[in-house]
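These notes are about the structure you will find just below.
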Amino acid sequence: MADYSSTYRTFTSSDGFEILVGKNAKDNDILTFKVGDQNDFWLHVAPTSGSHVIVRNPGNLDKLPKSTLREAAGLAIFYSKSKGGGRVAVNYCKRRFVKKTRGAPAGQVQLQRYDTIKASSNDRPSE
């Protein structure tokens, strides 16, 4: 299996969940479609471009703990063009609901089903 660890940053939530953050548009595609598992959680800022975020879900939970969801949303905001925007909408879903349209630019995806949380970059876990 290929080692894609150079394409993302790794964090740990206060609940112990591994959070992976893409470094650029091409790396976002690798993180989302080669590293992320179908049952992992996927996050991205709603209004602008930024990093894809994957929260590992080894227990196949239906929902993330609220603190982990907020922290992952904070990372999505921090690594986006909305970094200084205060409270920002972040879309999230299971990775299986994220699809790539043929010919779409790197990093561009479509969501089949998702929810939204409002958070700020201050909610992210410390490095």
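Values as computed for the structure displayed
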| quantity | calculated |
| --- | --- |
| Criterion: modelled with pLDDT of 95 or more and of a type in the set (A, V, I, L, M) - qualifying residue of ALA73, ALA46 | ALA73 |
| Scan of the stretch 72-86 for residues that are in contact with a strand residue (DSSP E or B) (Cβ under 7 Å, 6 or more places away or on another chain) and surrounded by 14 or more Cβ atoms within 10 Å (Cβ to Cβ), ordered by number | ALA72, ALA73, GLY74, LEU75, ALA76, ILE77, TYR79, SER80, SER82 |
| Lone unmet requirement of (1) under 10 Å from the mean Cα position of the chain (by Cα); (2) over 23 Å from ALA2 (Cα atoms); (3) charged (D, E, K, R) for ASP115 | (1) |
| Considering residues of the stretch 1-26 that are β-branched (Val, Ile, Thr) and touching a helix residue (DSSP H, G or I) at 6+ places or on another chain (Cβ under 6 Å) only, the residue farthest from LEU43 (Cα to Cα) | THR7 |
| Scan of the stretch 21-35 for residues that are more than 10 Å from the chain's Cα centre (by Cα) and closer than 21 Å to ASP62 by Cα, ordered by number | PHE33, VAL35 |
| Residue, nearest to ASP123 (Cα to Cα), within the stretch 88-105, restricted to residues that are in contact with a strand residue (DSSP E or B) (Cβ under 9 Å, 6 or more places away or on another chain), loosely packed, with under 14 Cβ neighbours inside 10 Å and of a type outside the set (S, T, N, Q) | LYS99 |
| Extreme residue, surrounded by the fewest Cβ atoms within 10 Å (Cβ to Cβ), among residues of the stretch 1-56 that are part of a loop (DSSP other than H, G, I, E, B) and among the basic types (Lys, Arg) | LYS23 |
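A quick yes/no check of all residues on (1) under 12 Å from ASN28 (Cβ atoms); (2) in contact (Cβ under 8 Å) with a residue 12 or more places away in the chain; (3) assigned to a helix (DSSP H, G or I); (4) under 11 Å from the mean Cα position of the chain (by Cα):
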residue: PRO58; (1), (2), (3), (4): no, no, no, no
residue: ASP62; (1), (2), (3), (4): no, no, no, no
residue: GLY74; (1), (2), (3), (4): no, yes, yes, yes
residue: ILE77; (1), (2), (3), (4): no, yes, yes, yes
residue: GLY84; (1), (2), (3), (4): no, yes, no, no
residue: TYR92; (1), (2), (3), (4): no, yes, no, yes
residue: ARG102; (1), (2), (3), (4): no, no, no, no
residue: GLY107; (1), (2), (3), (4): yes, yes, no, no
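The values are calculated or read from the model by the stated rules, or taken from the named source; none is laboratory data. Nothing here was measured: the structure is a model prediction, and the numbers come from that model. Because the Cβ atoms are built from the backbone with ideal geometry, glycine has one as well, and the counts that use them run over all protein chains shown.
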